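Inspection log for the structure reproduced underneath, given as structure tokens.
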Amino acid sequence: MAITDLYFKRRMRERGEYSDVYQYDELPQKFRVQIVHIWKETIETDLPIRQYHTTSLGGSSKASREAYETVHNILLKELGLFELPVKHESYDGYFQKVSKYFLSVDDVELALTVLELMCQIILLYQGKDLVDYSESEAIEETNTRLKEHGIGYQYENGQIIRVDSQLIHAEVVKPALELLNKSMYKGAQEEFLKAHEHYRHGDYGNVLSECLKAFESTMLTICDTQGWEYDKKATASTLVNICMDNNLIPDFWQSHFNSLKSLLTSSIATPRNKLGSHGKGNNEKVIPEYLASYILHMTASTILFLAKAEQALE
């Protein structure tokens, strides 16, 4: 079922009551209920657990039970629990257990963990005749609900990632993730997603480290694709020089990019080298959130730039 543009929502937009400023510390109950409705529309609810051995299950019923049971068991194992800490009844199935936990858990990171798992399971079980509701539509609606409530997260490429600016996310981060989804960029994709994960958890030192790795991996992929020789131990600065020497930027644009080498190496590599997670010593360097955010977005922009420039060579 698609999102319905009801009268009260149109009036709220007219009054400017939808916030453009994201918050990260609360998942409103209304939002959580809407998400549970998406799950029900996408993967039908399963039978009470006590009926599993007494009822003959059809294909879709069996698949829905397996889907919710998978999420339930992953949560138990990773949280180190035998039961989810929610009030449950004997007639509760796995859907009820998972949804009740999502609706009640106070810790936003744990709630987002459940949301991420459910998005992953929806895509994993696509095409198994669960419910006549497109999996891509379910993910799209999930992201729309996040935006509606001013919650600064989106589900992209298998992960919940933090969003600081919707414009930057739409124009830079999302296209970069889509580009990195190509198999040849698998290493860079994993590193860039790790940077987002560290950013969401406030581990800003590792944000810079993973950004540098993703930056270097992108250039290594371009060098391999184009057959450009390089030392296996080449640093970011060396790789930038190789890309420039091989006319990754057309000659007639070179004069307009005199500072490109400096921009690429200093905006990503240097901050990591000076403030990254290695060699803190006695004077531990504090990396502010705004710097990590800047480097994260600069990395996305630079990866997108390099990859598109490489495509133009073909």
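What follows draws every value from the coordinates through simple rules; no lab data is involved. Bear in mind the structure is a predicted one, so any value in this text is a computation, not a measurement. Heads up, the Cβs are rebuilt from the backbone with ideal geometry, glycines too, and the neighbour counts pull from every protein chain shown.
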Relative exposure of 196, 297, judged by other C-beta atoms within 10 Å (fewest first) | 297, 196
Evaluate E = 1/(1 + (r/R0)^6) for residue 87 and residue 190, where r is the Cβ-Cβ distance and R0 equals 35 Å; express this FRET efficiency to the nearest 0.05.
-> 0.35
Length gain on complete extension for the stretch residue 231 to residue 201, per 0.36 nm per residue less the alpha carbon to alpha carbon distance?
-> 7.3 nm
So, in nm, how far is label residue 126 from label residue 144 when the simple model puts each one 7 Å beyond its Cα toward the Cβ?
-> 1.7
So for R0 = 25 Å, FRET eff. of residue 40-residue 73 from the Cβ-Cβ r, to 0.05, ends up at 0.80
The range 173-224: equivalent-ellipsoid semi-axes (sqrt of 5 x gyration tensor eigenvalues, Cα, Å) | 20, 12, 7
Pop a pseudo-label 7 angstrom from the Cα along the beta-carbon direction at both residue 308 and residue 25 and give the gap in nm to one decimal.
-> 3.7
Taking amide H positions as placed 1.01 Å from N in the peptide plane, with prolines and chain starts having none, which residues 5 or more places from residue 156, or on another chain, fall under 5 Å of its amide H?
-> 161
Rough spin-label spacing in nm, given labels placed 7 Å along Cα→Cβ, for residue 33 and residue 294 | 4.3
Please list, in chain and number order, the residues 5+ apart from residue 93 or on another chain whose amide H is under 5 Å from its amide H, with Hs placed from the backbone.
-> 49
